[in-house]
Every structure is written in structure tokens, then in C-alpha cells.
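Asks: Okay, handing you the structure first.
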Protein chains: 6
Amino acid sequence: MTTLKAPIDPESNSRVKAVFDDIRATRQTDFINNLWRQLAFDPPLLEATWAEVKRVMAQPSTLDPLTKELIYITASIINGCSYCVHSHTATAKAKGMTDAQHAELMAIVGLAAKTNQIATALQVPLDPVFDKG
Amino acid sequence: MTTLKAPIDPESNSRVKAVFDDIRATRQTDFINNLWRQLAFDPPLLEATWAEVKRVMAQPSTLDPLTKELIYITASIINGCSYCVHSHTATAKAKGMTDAQHAELMAIVGLAAKTNQIATALQVPLDPVFDKG
Amino acid sequence: MTTLKAPIDPESNSRVKAVFDDIRATRQTDFINNLWRQLAFDPPLLEATWAEVKRVMAQPSTLDPLTKELIYITASIINGCSYCVHSHTATAKAKGMTDAQHAELMAIVGLAAKTNQIATALQVPLDPVFDKG
Amino acid sequence: MTTLKAPIDPESNSRVKAVFDDIRATRQTDFINNLWRQLAFDPPLLEATWAEVKRVMAQPSTLDPLTKELIYITASIINGCSYCVHSHTATAKAKGMTDAQHAELMAIVGLAAKTNQIATALQVPLDPVFDKG
Amino acid sequence: MTTLKAPIDPESNSRVKAVFDDIRATRQTDFINNLWRQLAFDPPLLEATWAEVKRVMAQPSTLDPLTKELIYITASIINGCSYCVHSHTATAKAKGMTDAQHAELMAIVGLAAKTNQIATALQVPLDPVFDKG
Amino acid sequence: MTTLKAPIDPESNSRVKAVFDDIRATRQTDFINNLWRQLAFDPPLLEATWAEVKRVMAQPSTLDPLTKELIYITASIINGCSYCVHSHTATAKAKGMTDAQHAELMAIVGLAAKTNQIATALQVPLDPVFDKG
């Protein structure tokens, strides 16, 4: 169930084809997942979104690739994005996440949810030592 | 500003003192931050919360300590817990988070927020390959 | 999948029938969408909810009808209500939202998500000029 | 810090005065808290909001008054509304919430946060027995 | 659609079997719902989660069982956990929630959502009387 | 209170100075608000964020400037970003938002919050006519 009809032949648009070609080359697979197929309804939005994903997630950086996926899954869970939870869990497994690490991620996300909401409920005042302003 | 008055002399309660002693020993510091001081209003809740934090965050596991803090900060940002963002950012820095890694964390959380909400807006259908059920 | 069985013959209840009649007259269509069919399980809740929707969304006001729908879609995305994203996207299209405007809405919601979470992560202090208190 | 300057003499407006008088009579106190003072910037919004609060929260119903406040606090915590957490915690205490009940509320909200986010992360499929559709 | 394949024969693991046996004994039913079947992928996480659910929700306490379920449903709605909304609505009905109470819960959650977001939008300053710090 | 110390003399960095110069030229004001001052701790993140804000919010497009700000405020309220609610409310007023429009925005956001959470609570099934997939 979707709010938007994805284009039937997206690569007939040359800007879409260029992005899809780059996704295939970067990820070394022919598979183009649905997020990109739907974003093809607006080539500028597709280009900007892929450029940011590539720059932030697919290039060597100060955090290793699996750590980056664990952060992404965490964000997706809490933002309540079902599609994103699925796709980034699959990516994390492809990047080496073990069952034990998956279980540990659940434990941390659950613990954070719990202590975060208790701290919010109590409106815990900030310790001056934590303020960097 | 808080919804609850923290006990003035929390360690006069022996159950609270035992938890505070364990926090000091585990973290090798005399500093007890405000979350624990406020939770002292209910010793069983304090004990259960600290036991879980210690088990999940402070013991050797399949994820390294800094990765665990980055996941915790991510959860705290999105859950909107100001206190938690401050305290776990401080902890992550103590565990070695560099300014470049902090900036990269911002980039990933921001990217996830953006693509999560676009995926939610478009109600992107799940690719069968992502379904493990 | 629903948590509540909608009444099979809702209009046998005169209060429900009166609301459904007013929905049909206001929207000039025979179609009653599922939200109203489910709310029929409690006529006072149905009446109060429709009265507010009619007053806020269906009457001439200082914002034009399409702008109001764009605000509603935005809220629905972030509140994580799948049903609402679908129904208000359909309404916005009926009120003239073009594909380009839909794409632009995605770009703004995505940008806001990103900058909102970065501002929360950094706990940016309020500029005095923004304080109207 | 607020986004809107509350009117300096709100009761010079007769519609505002009527609402404030009703708040004082319903709650049997002269105290008008800041939410109402700020809403006075738009009398129709003030009237509609107070009417709903009075109908839902201040009239005899199938749930007892303290239970209703506990539900309200829960919602306020998770919606991330600091003002609301404070004001409804104060109201709940005025309606008899004990420290032990406050602690228990924290435990339930924390547990729900944790299991909710784990269920979302695992995308647990719905058991058919829970579907009432 | 799920991100994780639940074990096919979970009770072949003795730690999982012990938890499932305790769930059956505590709830006096043979039915083990999907959340527990999926958590069986990691026995320590299953044990810790069930221990907390049992302690917080299934034991006599200062709040009555139905009130606890109403708080849990409220949290689940706002956390956007579809599975949890379904399972806890079913539990609340089993514990005696009437249709009128269900409708009233909707009214309170809806009212809180509305006033919470208006208070957040106006950034209503805290009345000193609500501050217990 | 902030999690990060903003650079004391940000424009001594030439990349930061170039962005700040462009902000001043685009907005025709000397005022650089705190979000940008804090992002100066990482010039690439500052550049990428400003480039996206400028492209999405400051250039002529299919939505008028005030409508875009109203969407941004809506997102900021629900994402619970206090800084963003303040800064975008100020921007919207600068772009012509009247008090009546501000009040109407409150009414729509409040109504959406309420109906969104009720629809989530009831898990309203999608009407087939709303599915564009």
C-alpha cells in the first residue's frame, strides 16, 4: 500500500537511469530497492537523496561501515519507519552483523527507550558537568 | 525544573547506598549524576534500572563500548530526551569519540531522519528480499 | 488488521446516521471512509471528532484548503499514522496538489527531520531574538 | 522562552474572561496556569480547548479521575511535552497519586518504551487472535 | 513481515522452554504470542524481557491491573507500535475494559496529543508551582 | 545548555566564512543564528546543511514561502525540537504569518495529533481507494 504510483519504466528518464547506474556500481549488485524506485517520481529529489546516502553511508569515514548501519537502524526504529527497519537490518547483516550483535542492539535500544522516558518523566535537571556551552 | 524532589540525603537509605557504591566502583569515579539521584526516590526502581544499565552498557560484549554509546545517543536524540543527549554525549567523549566522529554521527542521524520520513510519507512497499518472516 | 470491530450497520444508530449524512453533504460524495466507520462504535466520540474536523478543515479560513492539507500530511507522517498519510495525501491530490508539490513536500519534511534532529543533538541554545516571552 | 507573547490583560476580552471564570469555578481555585494564559491570544482556540479538557477530564465518566491523569501523563512523556509532564504530574498528585504509584508509572512507561521499540525493531507479525477487523 | 526469522522449534532450547513454561503458568493459557516466539532468537534477551514484564505487569501492585493496561496501550499508541497496540488492547479487554472505557481512552489520548503539541508549539513556560526541584 | 562548544572565532576558517557570507547575502541580514554557529564545528556538515536549506527553503518553487514555513513549523513541533519551533515561528512571522494564521496552525496541528493517534489506536484499515501502489 503506497501513496504514490512508482513510474513503470523509470530508467526511460536519463537522470533516473544515471542514479540507478551509480547505485548498481556503488553497491555492486543489480538490485534496486523500492525506495529508489518510488523516488524516481521526482528526479531531483532522487539525485539529492542518493548523493547524500552515498556520501554519508558508502564512503570511507571515521566510523566503520557496520557501526554506521547500527546507528541507522536505531534511528529507523525510533522514527517508526517500518520499511527502513527492514532494509537497514538487511544491510547490517550483509555488513557482518551477527545474531548476537542484533540481540545486543535490541537490548541497547530498549534500555535507552526506558531510561530516556524515565528521565523525561522526571525532568531530570542537567548536571553542570554535561554542559559544554 | 523537575517533577519530583530528589531525596536530600539519599545514602541514608541502605539500598540506595549500595547502588551508589556500585556505580562509583563500576565507573571508577565519585560522581553520581542526577538521573540516579532522582531515581533514589524509589529504591526498587533505582536497583532495577542500574542493574540493566550495568548489564547492557558496562560489561564486555559483542559490540565495543564506543559503538554502544553512539547507539544510545542516537536513541536519546530521537526520543527527544535532552538530559540523555547531554549525559551520553559526555560519556561517548570520555570513551574516545572525536569531533569528526561526532560530526559524522550528526550526519547519519540527520540522513536517517530524512530518508525515514520520506519512506514513511511515500509508504514505500517492503521489498520481499527484506522480509525474513 | 484492526483493534476494534466496526459496527456492521452503523446507520441504524440515529446519531451515527446524522454524522454520516453531514459528512456526505459537506464533502458532496457518498463515500464514507473507514475512520468514520470505526469511530461509529462510540457515537459521542464520532460526533466530537467530525465536528472538529469540519470546523478546522472544511470551513473558509485564513489558510487556503491545500495549505491546510499539506500541514495535515506533515503531521501525519511524523506522528507515524499510516492510515492518515494515505487519506490526507488523497485529499491533497483532490484539492490540486501536483506531483511537483508532492515532491517538494517530501523535500521539506525530510529537511526538517534532519535539521530538527541535529539541533536536538547539539542542544542548540535559543537565540534571544527568537524569544517572545 | 516562548514563541508567543501572552496577552498582558487577557480578561479585558470578554470571551477569555468567560473561559477563565469557568476554569476557576470548575477547579475551585483562583490559579490560571500558563497554558490558558497563552491560549488567550486566540479566544476561539481557547474556548474549544477548554471545552474539550472539561468534557474529557473534569466530568464523571467510566474511568476514575486518577486513572485519567495517569493516562495523560503517559501521553505527555512520550509526546515529549515538558510543560505537560509537569502540569499533569502536579494534577495527579493533587488527585492522590502516591510516590509508590508514581514510581510504578515510571516502571510501566519504561517497560512499554522498551518492548514497543523491540517489537518495532523485529517487526513482530500480528497474532491472528489479536485482529478484531 | 519481519526482520528476523523466529526459531522453528524454540522450546528445544532449555532456557527458552523455561520462559515459555513460566508464561503459560503465569497467564494460565497455552498461547504464546509472537513477541516471545521472536525473542527466542536470543535467550538472555527473552529471559530479561519476560522477567521485567512479569515483575511490572503481572504482580499485585499499587495500581490495579486494568489501569496498568490502559497506561501500556497509551504508550504503545504514541510509540507507534502496531503489534503492541493490538496485543495490549486484547489484554485490556480480557481484563475487563468495556467499549465505553475504550472510547474514553481514545478521547483522552486524542486530547493529550492535541494539548501536548499546542503546548510544545507555544513553548509554554513552566508555572513555578509545578516545579518540585 | 549545549552538548558542544561552538568555535569562538568561526570565521577564521575560510570554509565557514564562505557559508556565513552566503547566509548573510541570501537572507539580507548580518544575523547568523546559533544553529549555524554550532555547526561550524564541522565545516563539511555546515556546508551540506546550508546547501540543502538554501535549495529547499530559499529558492522559488511550487510552494509559496509562507506555506513552506508552516510545514517546517509543523514538523518541528512534532519532532519536539524546541530550538526549531522558535526559529521557524520567527521566520514565518517575518514572512507574513498573522496571529489568526498562527492560531489556525495550532488548531490543525492539534486536530491532526488527535485524529492521527486515534487512527493508530484503532488500527483503521486502509480504504482501497487511497492505495496508489
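Asks: I'm trying to understand the selection: among the residues of region A:25-50, which are under 16 Å from B:ALA113 (Cα atoms), open to solvent by 10 Å² or more (accessible area, probe 1.4 Å) and at the interface with another protein chain (Cβ under 7 Å from one of its Cβ atoms)?
Replies: A:LEU35, A:LEU45
Asks: Scan region D:1-17 and report the pairs whose first residue is away from chain C (no Cβ under 14 Å) and whose second residue is modelled with pLDDT of 90 or more and assigned to a loop (DSSP other than H, G, I, E, B), with Cβ atoms within less than 6 Å and a gap of 6+ or a chain change.
Replies: Filtered contacts from region D:1-17: D:PRO10/D:ALA40; D:VAL16/D:ALA40.
Asks: Continuing with the same structure: Quickly run through region E:66-88 and pick out the residues that are more than 28 Å from E:PRO7 (Cα to Cα) and without any contact (Cβ under 8 Å) to a residue 24 or more places away in the chain.
Replies: Residues satisfying the conditions are E:THR67, E:LYS68, E:ILE71, E:ALA75.
Asks: A further question on this structure: Answer with yes or no whether C:THR49 is of a type in the set (Ser, Thr, Tyr), over 30 Å from E:SER76 (Cα atoms) and not assigned by TED's automatic domain parsing to the domain that holds C:ALA100.
Replies: no
Asks: Inspect all residues belonging to region D:3-22 and state whether any of them is touching a Lys or Arg at 6+ places or on another chain (Cβ under 9 Å), among the hydroxyl-bearing types (Ser, Thr, Tyr), open to solvent by less than 20 Å² (accessible area, probe 1.4 Å) and modelled with pLDDT of 95 or more.
Replies: no
Asks: Inspect all residues belonging to region F:109-128 and state whether any of them is under 18 Å from the mean Cα position of the chain (by Cα), over 30 Å from A:GLN117 (Cβ atoms) and surrounded by fewer than 24 Cβ atoms within 10 Å (Cβ to Cβ).
Replies: No - not one qualifying residue is present in region F:109-128.
Asks: Moving on to the next point. Of the residues B:ALA58, B:ALA25, only one is more than 18 Å from the chain's Cα centre (by Cα) and either under 30 Å from B:LEU4 (Cα atoms) or among the acidic types (Asp, Glu) (or both); which?
Replies: The unique qualifying residue is B:ALA25.
Asks: Could you grab the pairs with beta carbons closer than 8 Å, sequence gap of 6+ or different chains, first residue in region F:51-65 and more than 11 Å from chain C (Cβ to nearest Cβ), second one among the basic types (Lys, Arg)?
Replies: What qualifies is F:ALA58/F:ARG27; F:PRO65/F:LYS95.
Asks: Given F:THR89, F:THR98, which one is open to solvent by 10 Å² or more (accessible area, probe 1.4 Å) and either at pLDDT below 95 or at the interface with another protein chain (Cβ under 7 Å from one of its Cβ atoms) (or both)? Walk me through it before giving the result.
Replies: Details: F:THR89 fails: open to solvent by 10 Å² or more (accessible area, probe 1.4 Å).
It is F:THR98.
The values are calculated or read from the model by the stated rules, or taken from the named source; none is laboratory data. Just so you know, these numbers come straight off a predicted model, no measurement behind them. Backbone-built Cβ (ideal geometry, glycine too); neighbour counts: all protein chains shown. These area figures cover heavy atoms from the full protein model, side chains too; ligands, DNA and RNA do not enter into them. Shrake-Rupley method; radii C 1.70, N 1.55, O 1.52, S 1.80 Å.
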